[in-house]
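Written below as structure tokens is the structure these notes are about.
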Amino acid sequence: MSTPRTSSVVRALLEAQLRLELRTFESLPAMWLFSVTAFVLFHFGLNEDSLSGNLASGVLWVTLLLAAILVINRLYLADAEQGGFDGFLLSPADRGSLLIAKVLTLLFYLAAVELVAVPAFALLLLEPSLGQALPGLLGVLALGDLGIAVIGALVGALAIRTQSRDLLGPMLSLPLLVPVLLCVAGATAPLFDPAHAGAIPLRLLVTLALYDAVFGLIAFALFDFLLED
Amino acid sequence: MTALSLRGVTRRYGERTALAAVTLTLPAGQTLAVLGPNGAGKSTLLRVLATLLAPHAGKLEVLGHPLPQESWAVRGKIGLLGHEPMLYRELTARENLRLHAKLHGVRLERVGELLALVALERRADEPLRTLSRGLVQRVAVCRTLLHEPELLLLDEPRANLDPAACEIVEPLIGRASGKTRVLVSHDPARALLEADLVLGLARGRTAFLDAPAQLDPQGVAELYR
């Protein structure tokens, strides 16, 4: 027996997480359905056939954030209910490897949701063409997803140890995600404005990258304490 | 060498004391049987020894390492077989064991070897939720032994196992394994046969601690009244 390498442990945990989702197919369909339904509700609620600029950006990102909350609440459910936490804690594996695996799992979920949600949004609500905005949008999505994944993995670990995890997850993650929302919505708005397509404010992207990095460090520092008794 | 050394180990859940000032020493290679009614603190004791719960008072050394300060050094040397199998229901036996093998840095061939030892090769690629409790318990035995632990913490290890399955796992987790064992049991007669030292717990407190031959059968029976 040798000390397990962190990369090998992360790969094993991620593989198990994805297998669990592919076998049960519980989270992804819910996220897809939620996103598309939200767009339909916005379509009727705002009484607009198409949206652009700040409004379009806000609708897209609020929908993606709320869809992410669905999976953040379930991220550690199988571990908590089926003893996966204890199994992991009994091993000599580095505790941080579970955090990394959960961040990667959330990134996978978010990418899979966006594959459906972004085209659906373009089809149902977006006024300018998606094709023009897509290259810039992919960059904003990547940075935004990273922020959501890091915060979600940390908050999920905190909430799962409590009785009121269904409430605590959204109550903790939504306020922490406000700065992410400010940055991604601000960075996406020019992409959805037909007059200024492509001009992303770099300041917002740098702020978002810094927020992601700072939260990543905080998550890494706190994660051990969350798992220990 | 001393495998376990507890001096006044106490663990509370809020106001309730689950384990109160337990003191004992167990040499390596011996078996400690822990007896007591439901809620006596047996499972709490196992979780404290497994580093999953930290003691609130007292001094505790497992395999020569003080806990919780050196928990990291003990993990990987202990195998806990508890009420929960610690396995994912949607994964197969093989997938679960491969995951744990990677968590412990164990070569993957060991998974196949253990599955063969517990006669589970034929069902190893079926999701756990389709297996009976007895078969899941056999997989849990494999999970406990994957990393060849020095100390086995066994909470009702034969639960759900039929006599044939008990015979299969006996050389792995029984006295014949030669490992240091802490055995929680609701079957005093069997536990006394297996143990070198017997700890009786009642409401978290030590009711008796002695070699099986020195124990008063009346005292053991009273523990459950």
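Look at B:T31 and say whether it is away from chain A (no Cβ under 14 Å), among the hydroxyl-bearing types (S, T, Y) and touching a residue at least 24 places away in the same chain (Cβ under 8 Å). Steps first, answer last, please.
Details: away from chain A (no Cβ under 14 Å): yes; among the hydroxyl-bearing types (S, T, Y): yes; touching a residue at least 24 places away in the same chain (Cβ under 8 Å): yes.
Spelling it out, B:T31 is indeed away from chain A (no Cβ under 14 Å), among the hydroxyl-bearing types (S, T, Y) and touching a residue at least 24 places away in the same chain (Cβ under 8 Å).
Can you tell me which of A:L51, A:L33, A:L46 is in contact (Cβ under 8 Å) with a residue 40 or more places away in the chain, away from chain B (no Cβ under 14 Å) and of a type in the set (A, V, I, L, M)?
On the way: A:L33 fails: in contact (Cβ under 8 Å) with a residue 40 or more places away in the chain; A:L46 fails: in contact (Cβ under 8 Å) with a residue 40 or more places away in the chain.
None of the other options fit; the residue is A:L51.
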Practice item. For the range B:14-25, indicate whether the set of residues that are open to solvent by less than 10 Å² (accessible area, probe 1.4 Å), of a type outside the set (A, V, I, L, M), on the phi > 0 side of the Ramachandran plot and outside any strand (DSSP E or B) is non-empty. Key: no
Practice item. Of all residues in the range B:86-113, count the ones that are of a type in the set (G, A, S), more than 7 Å from chain A (Cβ to nearest Cβ) and either closer than 24 Å to B:R47 by Cβ or surrounded by 23 or more Cβ atoms within 10 Å (Cβ to Cβ) (or both). Key: 2
Check your understanding: Which one is farthest from B:E84 (Cα to Cα) among residues in the range A:39-56 that are in contact with an Asp or Glu (Cβ under 9 Å, 6 or more places away or on another chain) and in a helix (DSSP H, G or I)?
Key -> A:G53
Review point. List, please: which pairs have Cβ atoms under 6 Å, are six or more places apart or on different chains, and start with a residue in the range A:1-24 that is more than 7 Å from chain B (Cβ to nearest Cβ) and end with one that is at pLDDT below 95 and open to solvent by 30 Å² or more (accessible area, probe 1.4 Å)?
Key: A:T6/A:D94
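Report whether or not A:L75 is among the hydrophobic types (A, V, I, L, M, F, W, C) and part of a loop (DSSP other than H, G, I, E, B). Steps first, answer last, please.
On the way: among the hydrophobic types (A, V, I, L, M, F, W, C): yes; part of a loop (DSSP other than H, G, I, E, B): yes.
Yes: the conditions hold for A:L75.
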Check your understanding: Just checking, how many residues over the range B:44-85 are surrounded by fewer than 20 Cβ atoms within 10 Å (Cβ to Cβ), among the polar types (S, T, N, Q) and assigned to a helix (DSSP H, G or I)?
Key -> 1
**Study point:** A:T207 being touching a helix residue (DSSP H, G or I) at 6+ places or on another chain (Cβ under 6 Å) and open to solvent by less than 20 Å² (accessible area, probe 1.4 Å)
**Key:** no
Point to revise | Scan of the range A:54-104 for residues that are away from every other protein chain (no Cβ under 14 Å) and among the charged types (D, E, K, R), ordered by number | key: A:K102
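The values are calculated or read from the model by the stated rules, or taken from the named source; none is laboratory data. Being a predicted model, the structure only gives us computed values, none of them experimental. When we count neighbours, we look across all protein chains shown, and the Cβ atoms used for this are built from the backbone with ideal geometry, even at glycine. Just the protein is used for accessible areas: all its heavy atoms, side chains included, with ligands, DNA and RNA removed. Shrake-Rupley method; radii C 1.70, N 1.55, O 1.52, S 1.80 Å.
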